[in-house]
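**Student:** Could you have a look at this structure, given as structure tokens, before my questions?
The values are calculated or read from the model by the stated rules, or taken from the named source; none is laboratory data. No experiment lies behind these values; they were computed from the predicted model shown. When we count neighbours, we look across all protein chains shown, and the Cβ atoms used for this are built from the backbone with ideal geometry, even at glycine.
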Amino acid sequence: MSALILDHLAVSGETRDAARAHIEEALGFPMQTGGEHEKFATHNHLMGLEDGLYLEAISIDPNVPNPDRARWFNLDNFSGTPRLTNWICAVPDMAAALERWEDVGTAVSLERGELCWQMAVPRSGILPFDGFFPPLIQWHGALHPNQMLGSSGVSLKQLTVAHPQADALSATLGTISGAPIRFETAQNAALFAEFVTPHGPRTLT
């Protein structure tokens with residue numbers, strides 16, 4: 001059985017700078033420049049967290065042509081104010097994970113600089129449970145983005161996944177390690193992340 005480990009959280013925005021500003025305002029700490037993802041025509045900024053986690057501010061890259069497939073994180077359909085849209089979980093064996101969760105897409109191989117990884121992406125770009133199923137990632141090699149980012153002193157206290165089918169989502173996923181995660185049954189699906197920061201407790205939505 002493929003174990004899930006919380007890897008990072010992603011805030012989507014209509015622009016990368018808007019997503020970055022949303023995180024920086026919420027947590028009171030600056031992000032670092034990330035890079036581009038050519039296969040999906042997106043780009044990001046990053047912030048290192050404690051305990052091996054990190055935050056990602058991501059958007060469509062307007063400076064490159066549209067890809068020949070749907071973008072990940074359902075960014076083709078994103079609009080409105082920046083918000084926490086995805087919680088990405090790492091798996092030790094992508095092939096085994098795709099056998100267990102057959103409807104989460106196919107493995108796409110990516111690289112950026114020294115980073116090399118696979119991400120499970122549906123052809124539609126939309127993950128199960130209205131996109132609140134976590135994108136699955138497997139890192140290859142010893143390097144992880146958190147190791148490349150400066151320490152912010154910010155740590156994730158708890159992630160809340162609110163969804164009308166929260167119990168079913170939790171049962172489908174099974175045990176998740178890496179950080180405390182709470183599933184809450186709610187009419188409107190949303191993600192809420194509580195942090196401990198040098199400035200006191202902060203919340204990112």
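**Student:** Which residues, taken from region 51-73, are over 19 Å from residue 109 (Cβ atoms), among the aliphatic types (A, V, I, L, M) and in a strand (DSSP E or B)?
**Tutor:** Within region 51-73, 55, 57, 60 qualify.
**Student:** While we're looking at this one, here's another question. Give just the number: which of (1) more than 21 Å from residue 24 (Cβ to Cβ); (2) hydroxyl-bearing (Ser, Thr, Tyr); (3) surrounded by fewer than 16 Cβ atoms within 10 Å (Cβ to Cβ) does residue 160 not satisfy?
**Tutor:** Result: residue 160 fails condition (3) only.
**Student:** Additional query: Counting only residues that are out of contact with any Asp or Glu (no Cβ under 9 Å at 6 or more places or on another chain) and free of Cβ contacts under 8 Å to residues at least 60 places away in the same chain, how many does region 68-96 have?
**Tutor:** Going through region 68-96 one residue at a time, the tally reaches 8.
**Student:** Within region 1-16, can you find the residues that are over 12 Å from the mean Cα position of the chain (by Cα), modelled with pLDDT of 95 or more and polar (S, T, N, Q)?
**Tutor:** 15
**Student:** Does any residue of region 165-182 turn out to be surrounded by fewer than 14 Cβ atoms within 10 Å (Cβ to Cβ), closer than 27 Å to residue 81 by Cα and of a type in the set (Asp, Glu)?
**Tutor:** No, region 165-182 contains no residue that is surrounded by fewer than 14 Cβ atoms within 10 Å (Cβ to Cβ), closer than 27 Å to residue 81 by Cα and of a type in the set (Asp, Glu).
**Student:** For region 25-71, which positions are among the acidic types (Asp, Glu) and either on the phi > 0 side of the Ramachandran plot or surrounded by 17 or more Cβ atoms within 10 Å (Cβ to Cβ) (or both)?
**Tutor:** Listed by number, the residues that qualify are 51, 56, 61.
**Student:** Could I ask something else about it? Which residues, counting only those in region 159-205, are hydroxyl-bearing (Ser, Thr, Tyr) and either over 18 Å from residue 136 (Cα atoms) or in contact with a Leu (Cβ under 8 Å, 6 or more places away or on another chain) (or both)? Show your work before the answer.
**Tutor:** Taking region 159-205 and keeping what is hydroxyl-bearing (Ser, Thr, Tyr), we get 160, 170, 172, 175, 177, 185, 197, 203, 205.
Scanning region 159-205 gives 160, 175, 177, 185, 197, 203, 205.
**Student:** Go through the residues of region 99-113 one by one and say whether even a single one is touching a Ser or Thr at 6+ places or on another chain (Cβ under 9 Å) and of a type in the set (Ser, Thr, Tyr).
**Tutor:** The answer is no; no qualifying residue exists.
**Student:** Can I ask one more? Restricted to region 131-157, and to residues that are closer than 25 Å to residue 112 by Cα and of a type in the set (Ser, Thr, Tyr), which residue is surrounded by the most Cβ atoms within 10 Å (Cβ to Cβ)?
**Tutor:** The extreme case among them is 152.
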